[in-house]
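A short write-up of the structure that comes next.
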Amino acid sequence: MSEELAPGPKESPPAPQAGPREVWKKGGRLLSVLLAANVLLLACTLISGGAFNKVAVYDTDVFALLTTMMLLAMLWILFYLLRTVRCPCAVPYRDAHAGPIWLRGGLVLFGICTLIMDIFKTGYYSSFFECQSAIKILHPVIQAVFVIIQTYFLWVSAKDCVHVHLNLTRCGLMFTLTTNLAIWMAAVVDESVHQSHSYSSSHSNASHAHLASDQRAGNPVGGDSCLCSTAVCQIFQQGYFYLYPFNIEYSLFASTMLYVMWKNVGRFLASAPGHSHTPSPLSLFRETFFAGPVLGLLLFVVGLAVFIIYEVQVSGGGGRTRQALVIYYSFNIVCLGLTTLVSLSGSIIYRFDRRAMDHHKNPTRTLDVALLMGAALGQYAISYYSIVAVVAGTPQDLLAGLDLTHALLMIAQHTFQNMFIIESLHRGPPGAEPHSTSPKEPCQNLTFTNLDAFHTLPACPPTPRLVSPSPADQREAVAIISAPRSQWRRRCLRDISLFLLLCNVILWIMPAFGARPHFSNTVEVDFYGYSLWAAIVNICLPFGIFYRMHAVSSLLEVYVLS
């Protein structure tokens, strides 16, 4: 009888108010995935077809599809907020790992920039309202409302583990995720077409002029009367193109949070959730050596100056382009080299870290690792194409050597940084060191969190400080007995995390806001031809840009866990 009443050590029965377990969870997930796949393929077809002049798909068709998808997603979000979560016992659990404050804060920041972009886009299309389709003006207005509703939804519900309306919730989350991916794809295609048109215009290449998005010959509402000729119209046009990177990152941030919510639908959690640490803004640089933040800020400021110089000199053309490329590649080589060495040193420090590995199920961490590995493939592809072009092409000059070094360091930096981040995410929190003693000095280098375990150690003499078993005395005992080496390692890891974070921010800013050495440097263009090389860069570079911002989010979590 006693064996039947005593549960096993690994059992974590669900709370009784959560209701019965789902009979076939994979069936509901399969239904939602199939829905998302079909909708996403339809969106991909229209968006990719609308980017080319020879395909009879117009930008108004794309805007109509995106507007319809956003309206349907908003309807489901309102149903979720007003009906689903108000059901009895609808959210019996909340995932402590999902939707950390820095991720939601980044979502709000990018959402605000997206709203500004929608204002600029509305002003741009309103500048020639008499010759534009109404859907072009309606689309940014609907997108602004969608961003506001979705941001509020993710802020309050990112941690939910819903246990009612399971299949409807899964399908709604997947459809909303697909809507964000479609918006991301439309923004990437539009920005790529804009960059390609700027390149073809600067090189006076008539064969590429058909890539213009608003001056396509097949546009039924196009014409000379719709040209952006006023100063206000040009300000709106340039403004919303420069704000595209924030819209792109907002869609990807929202997609990752929606995926974690989708994984948590119907999920049962133990009564005691895993560790969750939320740093205050004032404690960001606490307990560091300040070498990492200072050096990272220095590289950030220098990188901004290099980016401005690059943009100004490349726009001037002529011999100044070569000088700008030399400066750009030199800075990136130094930055990538330092981040590679620092990431490698962080992995070496972990060889002496006694914290246990965290093997608990964590959908957020699993997604973070998958996105880091998957997004890095885009930059890997560009780098390997560049290596082949430089090694096999002729002639070999200074720019070719810098290009080759930059490509090799880009591969090394992504590899070692991923190793460091992924191992950091799988480390336990501070205080998770295993209990162990040395045979010669049993009372030194001892770390524990349980007072009873301390009393059971046979070789340790009694300590006067541990007379009372109060929680305050336990914390004091941990602080006294913790080894100084552990604190030194943690400070080093914090410095490394902050340094890599700042470096990834500047490495995100440069390509996200228009730096395209891939086209200014003609090595790859001459080797592969413009059409093939433009296709490679336009497909792979968005993943590389997303990698940088996702690495920033992961490194902030690494800093907290250190």
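The values are calculated or read from the model by the stated rules, or taken from the named source; none is laboratory data. Given the structure is predicted, the values throughout are model-derived calculations rather than measurements. Every residue, glycine as well, gets a Cβ built from its backbone with ideal geometry; the counts of neighbours run over all protein chains shown. Only protein heavy atoms, including side chains, enter the accessible area calculation; ligands, DNA and RNA are left aside. Shrake-Rupley method; radii C 1.70, N 1.55, O 1.52, S 1.80 Å.
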(message) Please compute the modelled spin-label separation between THR415 and ILE148, points set 7 Å along Cα→Cβ, answer in nm with one decimal.
(response) 5.0
(request) Report the FRET efficiency, 1/(1 + (r/R0)^6), for LEU166 and ILE422, where r is their Cβ-Cβ distance and R0 is 35 Å, rounded to 0.05. (result) 0.65
(message) As an exercise, identify the chymotrypsin sites (Phe, Trp or Tyr not before Pro) in the range 495-531 lying in DSSP coil whose Cβ has no more than 16 other Cβ atoms within 10 Å.
(response) PHE513
(request) Can you pull the one-decimal nm distance between simple spin-label points at ASP526 and THR230, each 7 Å off the Cα toward Cβ? (result) 4.6
(request) Measure up LYS136/LYS263; LYS26/LYS159; LYS121/LYS159 against 27 Å on the Cα-Cα distance and list the ones that go over. (result) LYS136/LYS263; LYS121/LYS159
(message) Assuming 0.36 nm per residue, please report the length gained on full extension of the stretch ILE327 to SER315 beyond their Cα-Cα distance.
(response) 2.8 nm
(request) Figure the gain on full extension for ALA370 and PHE268 (residue separation times 0.36 nm, minus the Cα-Cα span) and round it to one decimal in nm. (result) 34.4 nm
(request) Report the FRET efficiency, 1/(1 + (r/R0)^6), for GLN487 and ALA291, where r is their Cβ-Cβ distance and R0 is 25 Å, rounded to 0.05. (result) 0.95
(request) Enumerate the amide H contacts of ARG427 below 5 Å, restricted to partners 5 or more residues apart or on another chain; note that Pro and chain-start residues carry no placed amide H. (result) ASP358
(request) Set the Förster radius R0 to 22 Å, insert the Cβ-Cβ distance between HIS360 and VAL33 as r into 1/(1 + (r/R0)^6), and round the FRET efficiency to 0.05. (result) 0.30
(request) Compare the peptides 330-338, 169-177 by average per-residue count of other Cβ atoms within 10 angstrom and give them in order, highest first. (result) 169-177, 330-338
(message) Can you give me the solvent accessible area of ARG320 with a 1.4 Å probe, rounded to the nearest 10 Å²?
(response) 110
(request) Provide the gained length on full extension for the span VAL391 to ALA305, in nm with one decimal, where the gain is 0.36 nm per separating residue minus the Cα-Cα distance. (result) 27.9 nm
